[in-house]
Amino acid sequence: MKIYTKTGDQGTTSLFGGKRVSKSDLRIDTYGTVDELNSFIGLVRDQEVNQQRKNILVEIQDRLFTIGSILATEPGNTKVKIPALAETDIVFLETAIDEMESQLPPMKFFVLPGGHPSVSFCHVARTVCRRAERLTIALNHLEPIETLVIKYLNRLSDYLFVLSRKMSHELGAEETPWKPRM
């Protein structure tokens, strides 16, 4: 299998199922952003502080490939077999969030991203996740998107925020509170 096909040289690409669309199509932008998020999750996973969370982060990356498959499938195409997202995937994230939060001091202020390069990578992943969520919602206004996709991305951004706090705690990094100038 060759990596290049030359079929996209005119600015179009194929959805699963064969329909050709512009590479600037909202659907392509949406699952491209999910792919970008997956790459940032890989960067977060590669941080030494996350060695004990490697399996959780690999599971998340797998779910993001599932979401990419869902988003890349031509609407209404039932002939293409794609993996499924399940409510248990949401529960998986919520359980991980609850476990981390139980080990952290209560949050009393908004936190400025940063404090340690590993933590900053996690904040970047969180913001890319929010963008993927916004694009998915915009696409949902044009064509129905499986509701679990939106729910998963929303919960994943929560997970990444709590993970950034947990990483800060484990690394002894300072959490800088946002103090609005009034």
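Is it fair to say THR66 is closer than 22 Å to VAL128 by Cα and modelled with pLDDT of 95 or more?
yes
Does the range 8-21 hold any residues that are in contact with a Ser or Thr (Cβ under 8 Å, 6 or more places away or on another chain) and either surrounded by fewer than 10 Cβ atoms within 10 Å (Cβ to Cβ) or more than 24 Å from ILE67 (Cα to Cα) (or both), and which are they?
GLY11 - this is the single residue of the range 8-21 that is in contact with a Ser or Thr (Cβ under 8 Å, 6 or more places away or on another chain) and either surrounded by fewer than 10 Cβ atoms within 10 Å (Cβ to Cβ) or more than 24 Å from ILE67 (Cα to Cα) (or both).
Of all residues in the range 44-62, which are in contact (Cβ under 8 Å) with a residue 40 or more places away in the chain, of a type outside the set (Lys, Arg) and surrounded by 12 or more Cβ atoms within 10 Å (Cβ to Cβ)? Reasoning before the result, please.
Going residue by residue through the range 44-62, those that are in contact (Cβ under 8 Å) with a residue 40 or more places away in the chain are 44, 47-50, 53, 56, 60.
From what's left, of a type outside the set (Lys, Arg): 44, 47-50, 56, 60.
Residues satisfying the conditions are VAL44, GLN47, VAL49, ASN50, ILE56, ILE60.
Kindly evaluate VAL111 against the criterion of being under 19 Å from PHE40 (Cβ atoms), under 17 Å from the mean Cα position of the chain (by Cα) and either modelled with pLDDT under 95 or of a type outside the set (Gly, Ala, Ser) (or both).
On the way: under 19 Å from PHE40 (Cβ atoms): yes; under 17 Å from the mean Cα position of the chain (by Cα): no; either modelled with pLDDT under 95 or of a type outside the set (Gly, Ala, Ser) (or both): yes.
Answer is no for this residue.
Which one is farthest from THR12 (Cα to Cα), of the residues in the range 63-91 that are touching a residue at least 24 places away in the same chain (Cβ under 8 Å) and of a type in the set (Ser, Thr, Tyr)?
SER69
Let's see how each residue does on (1) touching an Asp or Glu at 6+ places or on another chain (Cβ under 8 Å); (2) within 20 Å of ALA132 (Cα to Cα); (3) outside any strand (DSSP E or B):
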| site | (1), (2), (3) |
| --- | --- |
| ILE3 | no, no, yes |
| LYS6 | no, no, yes |
| ASP9 | no, no, yes |
| GLY18 | yes, no, yes |
| THR30 | no, yes, yes |
| PHE40 | no, yes, yes |
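Condition first: within 19 Å of THR66 (Cβ to Cβ) and among the charged types (D, E, K, R). Now tell me which residues in the range 132-157 satisfy that.
GLU133, GLU143, GLU146, LYS151, ARG155
The values are calculated or read from the model by the stated rules, or taken from the named source; none is laboratory data. Quantities reported herein were computed from a predicted structural model and do not represent experimental measurements. When we count neighbours, we look across all protein chains shown, and the Cβ atoms used for this are built from the backbone with ideal geometry, even at glycine.
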